[in-house]
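Coordinate-derived values only; no laboratory data. Quick caveat, the model's predicted, so the values are computed rather than measured. Cβ: placed from backbone, ideal geometry, glycine included. Neighbour counts: every protein chain shown.
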Amino acid sequence: MEKMKKSQIAGLLLVAAMLAVAIYTGVSIYQKKSQEINTLQADKQSMNSELQERDSMVNELMTAFNEIEDNLKFIKEKRQQLSLETEREGGRDQKQVIVDDIKMMNEMLEKSSEHIAQLEKKLKKSGIELSSFKKKIAALNQSIEDQNNEIAHLQQQLQEKNILLANMSEQMNVMESELTKKADTLQIKEQVIEEQIGELNKAHIAYGTYKELRDKGVLTKDGGFLGIGKHTAIQENFADDYFTELNIQDTKTIPLFSHKAKVISEHPDSSYSFVEEDGMIAYLQIDNPDEFWKISKYAVIEVK
């Protein structure tokens, strides 16, 4: 009986030992699996963080690329527009607009270059390998360089045009100076011609009774006038201030208002006529001014 009890106790101890080993083994396995799970979770979190950083970097790059490409597109269109404008003649305001636009494009290109450099530095610092974006950055840098070269060419064209315009302006100043001199000379000539025409068209008229004309020293006792009167003696010195000056082209009639009138000075009879109104001679009408004043520019009319 006692031997049987010992055998049972030994069996129980063996079971207890086996159970302890099983428990220990289970705990060890659990701890190991738990560590593996924690490691996997940490790796997953790290990967998620890396993916988030990568996505953030990609979004930032895409936004920046779109902005830079829009700027480059705008610059290209503006440059093509300016290329056409530089080929046309323009004033000072238009040239200033072109200069301002070129300055604006240079500033935009400079900012785009700085932005790309910052993105490139940030991409390199992040340690993320994005080969496609590196190629995109290289392409944008090349595009910016091409645009810079085109703008430099445009600036050269503008400078050449400014030099050409300066030369043309100098030539215009010389021409204007010459034209001013010629205009002054022409004005003087025109003034001389006008004075000569004025002298050619200048004539004098005197009318009155025989006594009035004689007393004023126009006629002699026998009716002479300036040495050219009909059947009269020559009056050596006549009173010029008694004559009224007139313009041949403007004067077609000479008012008389007398009963009788006679032209004493020498003028073709066919060149004039007396016009009567109300039984009196109203005026002398000059029918042909050129013929009337051809012989003498002094007309003397005796009225009664």
With a 29 Å threshold on alpha-carbon distance, the violating pairs from K73/K124; K103/K136; K111/K135; K135/K161; K189/K294 are K135/K161
Sorted on mean Cβ neighbours within 10 Å (highest first), peptides 155-166, 180-191 come out as 155-166, 180-191
